[in-house]
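Single-structure report; data block below.
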Amino acid sequence: MIYRIENGLLKEGEGSGEIVGLFPLSEMEAAVSKYGLDSRVCAEPVRNRYSKFLGFPDLDCLILNVPTTWQKELSMQRLVILLDRDKLFFFSENTALIREAVSPRLKDGGKTSRELLLRDYLDHLVGRDSLFLDQLEQGVLELENDLITSRRTNYVERIISFRRQLMVLKQYYEQFGDLLDDLMEDENQLLSGRNRRPFKLLIAKADRIFHTILNLRDYVTQVRESYQAQEDIRLNNIMKYFTVISTLFLPLTLIVGWYGMNVKMPEFQWKYGYLWVIGLCVAAVAACLAFFKKNKWF
């Protein structure tokens, strides 16, 4: 789909002035050929499987692996943006992802340019990730509360899920920050002076989100260590109870072994011998229990 910018207003259809295009990634080669752009950009999205900035003569190419923070399962979607002196093209396999680049301006009718449209769209992606991180932080807080209040013992899957998502976002924002820095270098001088400040603000915002990701990763690590400590305590308590039970039966085992010998003992002829053994067993268990209780072993 093609749009044009006339007198600072975004309108549908081709015409004079700056052109904004939304295309499926499969149509990138045809669009590049039709509008006379450098054909070398068509090979880069296939060759580079990570976010990267590429500069060509009078043409900037932004390759983004955008994390799908708006979906339940976090995955990556390829997005390619081409910017030259009078064109701004978006290419993606997800058409809904690139429609978000123009829909706000079409609704509010505000003035824009290809640089501001690019900046607003990148800011939109960053803002959506910021909302996702807020939800992720809330999830980690709930996990920490469950560790304290719940009797459940298996939180490994949730902890691994949080760490995996944060690792994906960390790698993305490292590459995204480098991409913005390269864009601001503006070797092709495609950004006008008045439109550079919004990009600087976007870089600062992306940097804050990157540090938020690092802080959340450290927080998840602390929760994991707390969980491990709690598991160690639980296992120690279980071993303590098994040790106490085993110790209680040790005197009984000794008595059984003693009177189980094939040797004639005086107690065998005593009419109270059976009661004596019972009393001896009860006394041995009671003495052990009293000793354990005194030392607060249970």
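The values are calculated or read from the model by the stated rules, or taken from the named source; none is laboratory data. Note that the structure is a prediction, hence the values are computed from the model and not measured. Positions of Cβ are backbone-derived with ideal geometry, glycine not excepted, and every protein chain shown enters the neighbour counts.
Remarks
- Candidate set from the range 188-232 (those that are under 22 Å from Y173 (Cα atoms) and of a type in the set (F, W, Y)); member that is farthest from the chain's Cα centre (by Cα): F199
- Residue within the range 78-89 that is out of contact with any helix residue (DSSP H, G or I) (no Cβ under 8 Å at 6 or more places or on another chain) and without any contact (Cβ under 8 Å) to a residue 60 or more places away in the chain present: no
- Residue in the range 90-110 that is assigned to a helix (DSSP H, G or I) and closer than 23 Å to M167 by Cβ present: yes
- Filter result (touching a strand residue (DSSP E or B) at 6+ places or on another chain (Cβ under 6 Å), in a loop (DSSP other than H, G, I, E, B) and free of Cβ contacts under 8 Å to residues at least 60 places away in the same chain) within the range 38-67: D38, N48
Conditions tested, residue by residue: (1) of a type in the set (A, V, I, L, M); (2) closer than 20 Å to S51 by Cα; (3) not assigned by TED's automatic domain parsing to the domain that holds S51.
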{"residue": "Q77", "(1), (2), (3)": "no, yes, no"}
{"residue": "L82", "(1), (2), (3)": "yes, yes, no"}
{"residue": "R85", "(1), (2), (3)": "no, no, no"}
{"residue": "N94", "(1), (2), (3)": "no, yes, no"}
{"residue": "L97", "(1), (2), (3)": "yes, yes, no"}
{"residue": "R105", "(1), (2), (3)": "no, no, no"}
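The rows are residues; the columns are (1) part of a helix (DSSP H, G or I); (2) surrounded by 12 or more Cβ atoms within 10 Å (Cβ to Cβ); (3) not acidic (D, E).
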| position | (1), (2), (3) |
| --- | --- |
| D146 | yes, yes, no |
| E157 | yes, no, no |
| I160 | yes, yes, yes |
| R164 | yes, no, yes |
| Q171 | yes, yes, yes |
| Q175 | yes, yes, yes |
| Q189 | no, no, yes |
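- Selection within the range 259-298: residues that are among the aromatic types (F, W, Y) and closer than 22 Å to V244 by Cα. The member of this set that is surrounded by the most Cβ atoms within 10 Å (Cβ to Cβ) is F292.
- Selection status of R119, in the same structural domain as R49 (by TED's automatic domain parsing) and closer than 13 Å to I5 by Cβ: no
- The range 18-37, subset outside any helix (DSSP H, G or I) and β-branched (V, I, T), residue surrounded by the fewest Cβ atoms within 10 Å (Cβ to Cβ): I19
- Test for R224: is it closer than 30 Å to P67 by Cβ, assigned by TED's automatic domain parsing to the domain that holds L133, surrounded by 13 or more Cβ atoms within 10 Å (Cβ to Cβ) and touching a residue at least 60 places away in the same chain (Cβ under 8 Å): yes
- Within this structure, L280 passes the test of being more than 30 Å from N237 (Cβ to Cβ) and either assigned to a helix (DSSP H, G or I) or among the small types (G, A, S) (or both).
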